[in-house]
Amino acid sequence: MHVLELRNVVKEFPGQRAVDGVTLALERGGFYSLLGPSGCGKTTTLRMVGGFEKPSSGDVFLNGERVNERKPYERNVSTVFQSYALFPHLTALGNVEFGLRERGVAGRRERAMNALELVKLSARAQRFPAALSGGEKQRVALARSLVLEPQLLLLDEPLAALDPDLRKQMRAELKAMQRQTGITFLLVTHDQEEALSLSDKLAVMNSGRIEQFGTPEDVYLRPASAFVAGFLGAVNWFGDAGVRPEATRIARERPAEGPSRRASVASVVFLGNRVHVHMALDEGGRAVAELPRAQDQFREGDAVWLHWNAADEMRFP
Amino acid sequence: MKRHALGIYAACILAFLHAPLAILILFSFNAGRFTIWEGFSTRWYTAALNDPQLTEGLLNSLIIAGVAAVLSTLIGTLAAYGMWRRNAPWLSGMLYLSLVTPEVVTGVSLLALCQWAFRFLHLRLGMHTVIVAHVAFSIAYVTIVVAARLRNYDRSLEEAAMDLGAGEWRAFTRVTLPSIAPAVAAAGLLALVVSFDDYVITSLVAGVDSETLPMVIYAMARRGVSPVVNAVSSLIVVAFGALILLSERLQER
């Protein structure tokens, strides 16, 4: 039984089809992501799972039950909102207790404190949201949802509002929390690094459709479309063959075998542990190679041969 | 130079706005009857508080304004909430219409409504008709103040409440209402003030038993300027100035 199943779900808003036939099935206990650019329909899809929007057509199943008509409070899923949506008139503890009280659960105080402990925020239990930092608000929002032990936790761009250092740290904690609780997580994000590093499987969305659903290795190394290839990382295009920068090599002399192109070095960007060599192809167009720092012997204006293994090519019909 | 000019300009405008009130309050403490200063006295305040017409008018006004404020706050808040949930701009347009309608037109129309309704009900003009009229014109004020607060209210708070298991009504009472409570209180105070203040509509729909304080003062002022009127007016200025300040403070929260 899938914890979540979407069957050909469509959502139309006046003058716009936000979600255009999404089909997706999630196994219990996994960490999943919906990845795509803004306006691709990923948040609308998430809102239909949470019960905040009704599909125009198609069906949403939770644990095998069709839930199209069910209100948010009639579904055993919980959402962590992008704005956190903490109740400003309640303390951190009051926020976490809210759902337990609405559901008439016994032993609220203890459960809520345990949840705050899980997100390492016991010390801030009596603070109001206005007195919490962004990262702390995020943790309260997580605790507030996790304490209800939902079958499925929905996260709408949960890390977008945090600064980069904190984002990396929370990323690791999110993953650890998912493994610890065993709750299925479904994360919406436009950050490919986030989706790749967190997910067991991710769905890449574009224009209201899922272009590919697979493991991070699948979508990065074996993208199903040019859009997926380009969204997950940089691609050098040679006709209809795409090559990732890290699979692109540079040589002074023409290599004996394999595909190659003549180019001149346009610029060299030093990135600490690696360098990016940007090149202008003699046949027109640009390409970039990502090289280990040790190989940093190329200078602007050098005439070079750019080459790659045919096995590293990504081709799309 | 420019700064000075602006400061003087501002002082002039403020004086123009508030000099009449300052003079009113000054002469309410005058020992004499006319607008010649004859020494400090509180005799007109004593006279005002011992005037049965004035105290009855005040009592009527307080009852009417109190009941009308509570009812219009209740109805107006729910109206603003409903419009916010439904996204109904034409409904708020109709509210502005009720604000810009000249009071005398509102009053006459309410009188016509009462007379029509009295054909079926055995009722007469009285305090109840004044309360109904005041509720009718206060709702727009309440709705507009509450709606302004709701425009800045994060919709996801209510969604979060429902997500956590609260039904629609519980989400409203436990999350939305506490968040907009300062604006609701401010709107209630505003309704209290506009209701207490009203003369035109009230005089059209009032019965013999429901003379409000503004009606009594108006009648007294027409009989000739009595310093008693100054005293009562000064009290009203101070009391309502305080209420409006409180309302502003609440709206800022």
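The values are calculated or read from the model by the stated rules, or taken from the named source; none is laboratory data. Only a predicted model underlies this, so the values are computations on that prediction, with no experimental measurement involved. Because the Cβ atoms are built from the backbone with ideal geometry, glycine has one as well, and the counts that use them run over all protein chains shown.
Here are some notes:
- Residue within segment B:180-202 that is outside any helix (DSSP H, G or I), within 14 Å of another protein chain (Cβ to nearest Cβ) and either crowded, with 23+ Cβ neighbours inside 10 Å or in contact with a His (Cβ under 8 Å, 6 or more places away or on another chain) (or both) present: no
- Within segment B:159-178, the set of residues being within 23 Å of B:Glu252 (Cβ to Cβ) and either in a loop (DSSP other than H, G, I, E, B) or facing chain A (nearest Cβ under 7 Å) (or both) comprises B:Val175, B:Pro178.
- Qualifying residue in segment A:25-40 (condition: within 25 Å of the chain's Cα centre (by Cα), outside any loop (DSSP other than H, G, I, E, B) and within 14 Å of chain B (Cβ to nearest Cβ)): no
- Cβ pairs under 8 Å, 6+ apart, first in segment A:48-77 and within 13 Å of another protein chain (Cβ to nearest Cβ) and farther than 15 Å from A:Val9 by Cβ, second crowded, with 21+ Cβ neighbours inside 10 Å and among the aromatic types (Phe, Trp, Tyr): none
- So B:Leu250, is it of a type outside the set (Phe, Trp, Tyr), modelled with pLDDT under 90, over 30 Å from B:Ala31 (Cβ atoms) and not in a loop (DSSP other than H, G, I, E, B): yes
- Residues being within 12 Å of chain B (Cβ to nearest Cβ) and more than 28 Å from the chain's Cα centre (by Cα) - total across segment A:78-95: 4
- Qualifying residue in segment A:195-212 (condition: surrounded by fewer than 19 Cβ atoms within 10 Å (Cβ to Cβ), free of Cβ contacts under 8 Å to residues at least 24 places away in the same chain and not hydrophobic (A, V, I, L, M, F, W, C)): no
- Residues in segment A:297-317 that are within 16 Å of A:Ala247 (Cα to Cα), among the charged types (D, E, K, R) and surrounded by 13 or more Cβ atoms within 10 Å (Cβ to Cβ): A:Asp312, A:Glu313.
Okay, residues lined up against (1) more than 25 Å from B:Thr202 (Cβ to Cβ); (2) at pLDDT 90 or above; (3) among the basic types (Lys, Arg); (4) out of contact with any Gly (no Cβ under 8 Å at 6 or more places or on another chain):
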{"site": "B:Gly39", "(1), (2), (3), (4)": "yes, no, no, no"}
{"site": "B:Ala47", "(1), (2), (3), (4)": "no, no, no, yes"}
{"site": "B:Ala65", "(1), (2), (3), (4)": "no, yes, no, yes"}
{"site": "B:Thr77", "(1), (2), (3), (4)": "no, yes, no, yes"}
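- Residue tally, condition over 19 Å from B:Leu245 (Cβ atoms) and touching a helix residue (DSSP H, G or I) at 6+ places or on another chain (Cβ under 6 Å), over segment B:168-190: 4
- Per the listing A:Glu246, A:Glu253, A:Glu283, the residue uniquely acidic (Asp, Glu), surrounded by fewer than 13 Cβ atoms within 10 Å (Cβ to Cβ) and closer than 15 Å to A:Trp308 by Cα is A:Glu253.
- Filtered residues of segment A:96-120 (kept if under 28 Å from the mean Cα position of the chain (by Cα) and within 9 Å of chain B (Cβ to nearest Cβ)): A:Gly99
- Within the option set B:Ser98, B:Ser72, B:Ser138, B:Ser156, being over 30 Å from B:Ala239 (Cα atoms) and either surrounded by fewer than 19 Cβ atoms within 10 Å (Cβ to Cβ) or away from every other protein chain (no Cβ under 13 Å) (or both) holds for one residue only, B:Ser156.
- Close pairs (8 angstrom Cβ cut-off, 6 or more residues apart or separate chains): in the same structural domain as B:Thr176 (by TED's automatic domain parsing) in segment B:81-95, at pLDDT below 80 anywhere: B:Gly82/B:Ala88; B:Met83/B:Leu91; B:Met83/B:Ser92
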